[in-house]
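Worksheet: the structure to be examined is printed underneath.
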Amino acid sequence: MAADGGPSRRLLDRLASARARHRERHRPSGFGFAIGDSIRYLDAAHWDAACAGQSLFLQRRYLQVLEEAGPDNLTPRYALIFSGREPVAAVVMQVATVSAARLLKAGRSTERSRLRRALTPAVRRAGEAVRERVLVCGNLLSWGPHAVGFAPGEAPDSIWPGVAEAIYRVRRAERLSGQADFALVKDLSAPEMEQASALRRFGYRPVESDPNMVLALPATWRGYDDYLASLNAKYKNAARRIQKDLAQAGCVIERLDDIAGHADRLHALFLDVLRNAAVRPVTLPPGFFPTLAEAVADDFRCLVVRREGEIVGFISMLRDGETAVAYYVGFDRQSGVGNTVYLGLLHAVIGEALRLGCRRISFGRTALEPKSGLGARPERLWLWTRHRVPDVNVVLRQLLRVVPHGEALDRNPFKIDD
């Protein structure tokens, strides 16, 4: 007979734990649910109560844009979670056509190349198995915690089992139009990951994603000149050189208000950048930017670079409370000044964010090196993943452990106080 704490005892404990998790996954959470295929199908007052004071990306005016002018391979789903008669959380979901294999970014990185060559046939089959339909809790058109809004005063950790049940209910309903075997919850910070730890009991496993680059804007900065004055000599000279190079190329940066009148040009520039992206699960249609600009009104900005009157680059911005989100960007890669245009737009975002009274800028998860040169710091983000088929789930867990994610360089462009 094995001694207490021996291998047999540990095996029995693991089996008992697995059975307990299985029972929890297959019993109701105790919450009530209202589930809709459109944000308009759900009670507006209930949704607004659950999302009060939270991100623009959880507000109905933004979510309606995704329904009216979103990617054609993206189908929205929503859920309101109730405790009794009171809404305690609002859940944003999307059903998308995404290949799991494309989560492995192509590129020149030796590590990534080795990883791709080392992928086993089983892993490749796993990627194929989830190609058609993925159920995303969150938003593929944004980054950050835009999956769930918790009502003020509610404890998120007690509601996450209800979120897991909402995802399960939607996934089961999707069988009528095609399986959605792979579920993804995105993007959570470290504290939010701790609150959502109950997802592990429902078969989800965490994986780190690329960080969001965030630039803090001190209250003492009133405008771009204050930011420039805070830089050390090396980075201040680099910023001035960008402006000089743009001027020598005949370029000017200005705000664009007539989004609808320039929708086709903005879309063409967006596609020029998208074609160079390693991971592109969705593609915006031409009507996205004018629809977004109209819906969020004064919380939308579009900055453009013109050369001889022609727009050769743009960046869209959203004001999300005290955060300025540097949203989608596009520029003409064949113009000969594409890189300078991009850097100039990043600097223009800083000035516009300060004019809007924002206290931070969310620059997103791409081009980590130039953004770190602006003074932005990485905020780590994680995903929770789960596949319906246990064998595939095991393979995916092994795969996701070695998926490379971006690492921002440790740079400090600011003056060091004596």
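The values are calculated or read from the model by the stated rules, or taken from the named source; none is laboratory data. No experiment lies behind these values; they were computed from the predicted model shown. Positions of Cβ are generated from backbone atoms using ideal geometry, with glycine treated the same way; all protein chains shown enter the neighbour counts. The accessibility values were calculated without ligands, DNA or RNA, using every heavy atom of the protein model including side chains. Shrake-Rupley method; radii C 1.70, N 1.55, O 1.52, S 1.80 Å.
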Which of S230, N212, F288 sits farthest toward the positive end of the charge dipole of region 207-288, with +1 on the Cβ of Lys and Arg and -1 on the Cβ of Asp and Glu?
S230
Mind checking region 344-384 for trypsin sites (Lys or Arg not before Pro) that DSSP puts in a loop (not H, G, I, E or B) and that have at most 16 other Cβ atoms within 10 Å?
R359, R380
Roughly speaking, to the nearest percent, how much of region 126-225's 1.4 Å accessible area is carbon and sulfur?
52
Interchain or sequence-distant (5+) residues whose placed amide H lies within less than 5 Å of the amide H of G203 are none
Per-residue HN-Hα couplings for region 143-158, Karplus 6.51 cos²θ - 1.76 cosθ + 1.60 at θ = phi - 60°, whole Hz, x for Gly and Pro?
9, x, x, 10, 8, 9, x, 9, 4, x, x, 8, 8, x, 4, 7
Result for region 150-264: accessible area per residue, probe 1.4 angstrom, in square angstrom, of 48
Which aspartates and glutamates, if any, have their Cα less than 17 Å from the Cα of K186, not counting same-chain residues under 8 positions apart?
D157, E165, E194, E208, D210, E379
How large is the Rg to Rh ratio of region 324-395 when both quantities use alpha carbon positions and Rh follows Kirkwood?
1.17
Computed from the beta carbon distance with a Förster radius of 22 Å, FRET efficiency for A233 and N339 to the nearest 0.05 stands at 0.45
